[in-house]
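Report on one structure; see the data block that follows.
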Amino acid sequence: MNKPIIRRQSLPPEIATRLRELRGALKRWVLVKGTSRWLLLVLAILATDILLDRYFKMDFAQRLIMLAVMVSLAGGLFYWRVIHPLLRRITDDALLHEIEARYPQLKHNLISGAQLARDADLEAKGVSAELARTTIDRSIELARQMEFVETINQNKLAKNSVLLGVGLLLGGALALGVFQSDFLRIWFNRNVLLSDDQWPQATYLEIVGAKDGTLVLPRGTDHRLTVRVIEPSRVSDVDVTVEIDGSAGQSTHQMTPTGKLDGREHLFVMHNVSSELTLRARGGDDVTPDVAIKLVEPPAILDLQMWAVLPDYTKMPNQKLEGPGPHSIPAGGRIRGTAKVNKTLQTISVVSESVSVDLKPTGQPLVYDLNLPDGNDELAGGQYEFQLVDETGLGSIRPGKFAVSIKQDSPPKVFASLLGISGLAVPRARVPVSFNVIDEYGLRDVSFHTNWKNAEQENESGTAGKRDLPIAKFTTSEDAVRQQQDVTVLDLEPFDLSVGTSFRLLVRSTDSRPSEPNSADSAEFLLRIVSEEELRADLLRREIEQRQAFGQAYEAQLELMTELQALAATRPSNQAEQFETDQQSRMIAVARDQKLIGTSLDAIGNRFEEFLVEAQNNRLDEDEQNLAGLQTIADRFENRIIRPIRALDEEWIAMANRNLDNCRRLLHRPDELSTAVGQTTEIHQRILEEMKQIMDAMVDSENFQEVVNRLLEIKRGENQIKEEIRKRQPDENEIFDEEDIFDDD
């Protein structure tokens, strides 16, 4: 009986193991080859850099560029020679082909067995199972007998290993040479550490008079530039040239030997030196560092630091003053600072039309204290100028100037508004006031300023009452309060105002200025004190106006739905292009009207919210709560009007807007347009139903409010009757004032 072939989807373990060994050896081979080549290339680059710097003496910028180039090349070569080959994946078939090529006697048995072993369904392809198993077993047997690793070129591996060893040896020698050899140490410091070390030279040059890379020359004069060959130069008989860099470019000039110091001194005359230059001397194998020519100027201020010292009440730090100004400084402020000059001076002063102040040195010969004003006087505005005289009596040619303007402290800015209250208020109303007070330097207090007249005093010049009520008071701490924004409530009940009184209200603020503080007022608000009956009647009137506006929105919504249905039912005429244009215009108008209706509903909802807040601020709901079993204004407005309007606007009106946009896009597809219009019409019908319910609630609220007003009027009448009866009822002591009325005599 034939043994069934085993279905496999991978190489036999014997072959896979040998391939893994081969792949590992191959990676080592690639690593040795790549690293050796990379190391030798890097050493060649370093050798090139050593030769270039030694014989061409590169400057700092050139050495920096070379370092960047070497690092870039080393990194790129390492990736290309080492990383990239290691990342390449060699397939098993490729390795097997290489093994077959190395051992022709295999006659493709090894790769045939491997391929048959990976085939999952040989019988379906008509391959003999017995033949396949024999081939696979044969390949396994061959794999056991062979060493796959020997496929790799061992001679090249040995050669690459030798090259790697040579590279490592040279690299180590270079590293050791940096510590042991002056030549390599100088190269390393110059080209890797970018230091200022110099190569050994036969000739050393010096520019006479240059110190710290600078040669100080008088402006506009001729100068005899001298260059000397100094010790420890081995070669002194050299030609010397000078290279000058200026605004006109670079020029090279041959220097003339003076015959002094055994011919080691060279001269070049520079005529009319009036601009900044940079020069260097070149002779033999030496080039001096660049020397900047600094021209001597007349006395001048090199660095001026000025600060405005603001008055203490501002609680603000000193402000740095830049440029000539004019600098705006608050009244009472001062100027402090320092002036650094270019040379030792005989005098330095600051003068203006009204003052002249001599500046005093601070202990350093070139730095002076600036104090304006000098003494207890206040700083005056105007143009100020620095006057400098040096030790030789030379004055400043371009005196420094700055201007000062004195800024008076501005009063605070006060903004206020009434929240939830109209021009009418009852005597016991609460008046919410939102205020925002801002001052540049600091606030002292915020308060209410009120005054009022009753109806009989409207035509009189005097006021019937006046009162200031504090809102906030601020202490003069380190941190000044420069803005106060809040909402506060003014209770009118303690004022004991009578009906008909004109009540005026404003917010007043005072700043923190110590002497003569500034104050400012907000806009004034006028409240007419009315009875609760009058305010309720006014609220009812405004409520009716909003119900009428809601009714207009209802009619507009009904017309909009009719227009949309008519638009969908219209059929195109002979002029199709004109018909589409008309349809598009009508649809745009419908969509616009729908959005306007939503805006109107939102405004009506806002108005009812204002009515509710106004009623609560005037405490009208308290009287309604005393009537048992009756709804309050908050219940009627919030639950039956405001919330339904918000829901209608946010849900159904928004849905209608989206559907109208969809209808506009379907104008050129009549069938789909009819369906979309039908859906939109259903939404419009729901909107009309909701609006009808809200209008009914508004009517019920108006009727209910009239009933409540009547009940409250009746209750007040009853209270007045009871009060009159109580006042007219005689005292029981008066009834029984006769001593003998109940005597038995």
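The values are calculated or read from the model by the stated rules, or taken from the named source; none is laboratory data. What you are looking at is a predicted structure, and each value in this text was computed from that prediction instead of being measured. Here Cβ is always computed from backbone atoms with ideal geometry, including for glycine, and neighbour counts include all displayed protein chains. Each accessible area value is taken on the protein alone, full model and side chains, heavy atoms only, with ligands, DNA and RNA left out. Shrake-Rupley method; radii C 1.70, N 1.55, O 1.52, S 1.80 Å.
Among E559, E609, what's the order by accessible area (1.4 angstrom probe), most exposed first? Can you show the working numbers first?
On the way: E559 130, E609 75 Å².
Most to least solvent-accessible, the answer reads E559, E609.
If R0 is 35 Å, what FRET efficiency do you get for E651 and V489 from their C-beta distance, rounded to 0.05?
Numbers: r = 35 Å, r/R0 = 1.00.
E(calc), rounded to 0.05, equals 0.50.
Find which of I348, G423, G363 sits farthest along the positive direction of the dipole of the range 315-438, computed with +1 on the beta-carbon of Lys and Arg, -1 on that of Asp and Glu, about the Cα centre.
Farthest towards the positive pole: G423.
So for the range 212-281, taking the charge dipole from beta-carbon charges (+1 Lys/Arg, -1 Asp/Glu), which of T252, T214, L225 sits furthest toward the positive end?
Sorting the options by dipole projection puts first L225.
Just to confirm, what accessible area per residue do you get for the range 155-204 at 1.4 Å probe, in whole Å²? Write down the numbers at each step before the final one.
Working: 2950 Å² over 50 residues.
The answer is 59 Å² per residue.
Cut-off 15 Å, label point 7 angstrom out along Cα-to-Cβ of V235: give me the residues of the range 42-59 whose amide nitrogen falls inside.
Taking a point 7 Å out along Cα→Cβ of V235, the residues of the range 42-59 whose backbone N falls under 15 Å are 55-57.
To the nearest 0.05, what FRET efficiency results for L176 and R89 with a Förster distance of 41 Å applied to their C-beta separation? Let's see the in-between values first.
Working: r = 40 Å, r/R0 = 0.97.
So, using R0 = 41 Å, E works out to roughly 0.55.
Using a 1.4 angstrom probe and counting only protein chains, how large is the accessible area of E650 in Å², to 10?
About 130 Å², ignoring ligands and nucleic acids.
Could you pull out the pairs from K343/K401; K340/K401; K211/K401; K315/K413 whose alpha carbons sit more than 23 Å apart here? Please list the in-between numbers first.
Working: K343/K401 19 Å; K340/K401 15 Å; K211/K401 33 Å; K315/K413 18 Å.
Violating the 23 Å Cα-Cα cut-off are K211/K401.
Take the Cβ-Cβ distance between T344 and L43 as r, set R0 to 45 Å, and report the resulting FRET efficiency rounded to the nearest 0.05.
Details: r = 58 Å, r/R0 = 1.30.
The formula returns an efficiency of 0.15 here.
Using a 1.4 angstrom probe on the protein heavy atoms only, line up E297, E353, E702, E651 by accessible area, largest first.
Final ranking, largest accessible area leading: E353, E651, E297, E702.
Under the rule a/c < 1.5 gives rounded, and otherwise a/b versus b/c splits prolate from oblate, where does the range 469-563 land using the Cα gyration tensor? Mind dumping the intermediate values first?
Working: a/c = 4.18, a/b = 1.95, b/c = 2.14.
Judged from the Cα gyration tensor, the range 469-563 comes out oblate (a/c at least 1.5, b/c at or above a/b).
With a 1.4 Å probe and every protein chain left in place, work out the accessible area per residue of the range 323-418 in Å², rounded to a whole number.
Numbers: 5200 Å² over 96 residues.
I get 54 Å² per residue for this part.
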